[in-house]
Amino acid sequence: MVTELKEQIIETSLILFEKYGFHGVSVNQIVKVSGTSKGGFYHHFQSKDELLFVIHDYFISYVLTQAEEAIVSSTFPTVKLQKIIKSFVTVFDLYKAHISVFYQESTYLKPKYEEIIKQKRQSYRDLIFDVIQEGIELGEFRPELSVDIIGMSIIGMVNWSYKWYKKDGEKSIEEIADMYVDFILHSLLTEKAKQNPVFQPYFLHNRLSSGT
């Protein structure tokens, strides 16, 4: 259960970890800056190591849940992939600090937590690979493309957003997500699928010409 105090501890730790690093921050500092107590801290986290795990688990669980919902709620692989990409890009706005801290400090994640994260990451990759494979089998995606290479390319390309995305940048996170979708679908879809009216709204030139 997420409480106000738990969120307060997490937000405080994000600021401190970004500034001083994981090993440069003690539980005492987190407690002091967040205005809580050691009892409050240990009520929500067994250790500072678990806190680092929770920081990562927030955003990997979000994208995994969103991907699962996209698959259940949509019929066409193209629509499923569009929703997955949109939620994947959006995570860099919702959890930018969490992601930055994790990639900065991920080497300090304890093995038992690392294994949980590894399994969730693998589940997410599998979902994307399955959607791409389904798209090929149903004739929406180009059959000559490698599922593994395309899947990892999408993950790698979108993942790198944490390095350059800024909330106050020229483009909003929604505009960036639309660009990713447009770029990826133009590369993946067969010529026949590109003409399907269901998929037309996902292409930028159609969105701009229709005023949406």
Please work out which residue is least open to solvent (accessible area, probe 1.4 Å), limiting yourself to region 185-212 and to residues that are modelled with pLDDT of 90 or more and among the β-branched types (V, I, T). T190
Residue pairs within 6 Å by beta carbon, gap of at least six or interchain, first lying in region 108-129 and at negative phi, second hydrophobic (A, V, I, L, M, F, W, C) and open to solvent by 80 Å² or more (accessible area, probe 1.4 Å), listed first then second, are none
Close pairs (8 angstrom Cβ cut-off, 6 or more residues apart or separate chains): over 20 Å from T107 (Cα atoms) and of a type outside the set (K, R) in region 1-30, open to solvent by 20 Å² or more (accessible area, probe 1.4 Å) and in a loop (DSSP other than H, G, I, E, B) anywhere: L5/T36; Q8/G35; Q8/T36; I9/T36
Can you give me the number of residues within region 157-180 that are open to solvent by less than 40 Å² (accessible area, probe 1.4 Å) and in a helix (DSSP H, G or I)? 8
On the given criteria, is G139 among the small types (G, A, S) and buried (at least 20 other Cβ atoms within 10 Å of the Cβ)? no
Hey, does region 118-130 have a residue that's of a type in the set (G, A, S) and either outside any helix (DSSP H, G or I) or in contact with a strand residue (DSSP E or B) (Cβ under 8 Å, 6 or more places away or on another chain) (or both)? no
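Quick one: would you say Q82 is farther than 30 Å from D130 by Cα and either in a helix (DSSP H, G or I) or free of Cβ contacts under 8 Å to residues at least 24 places away in the same chain (or both)?
Answer is no for this residue.
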Restricting attention to region 1-23, the residues that are farther than 23 Å from K112 by Cβ and either open to solvent by 50 Å² or more (accessible area, probe 1.4 Å) or not in a loop (DSSP other than H, G, I, E, B) (or both) number exactly 11
Go through region 35-60 and report how many residues are open to solvent by less than 50 Å² (accessible area, probe 1.4 Å), farther than 20 Å from Y108 by Cβ and assigned to a helix (DSSP H, G or I). 1
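The values are calculated or read from the model by the stated rules, or taken from the named source; none is laboratory data. These numbers were taken from a predicted model, which means no experiment stands behind them. A quick note on method: Cβ atoms are made from the backbone with ideal geometry, for glycine too, and the neighbour counts reach across all protein chains shown. Just the protein is used for accessible areas: all its heavy atoms, side chains included, with ligands, DNA and RNA removed. Shrake-Rupley method; radii C 1.70, N 1.55, O 1.52, S 1.80 Å.
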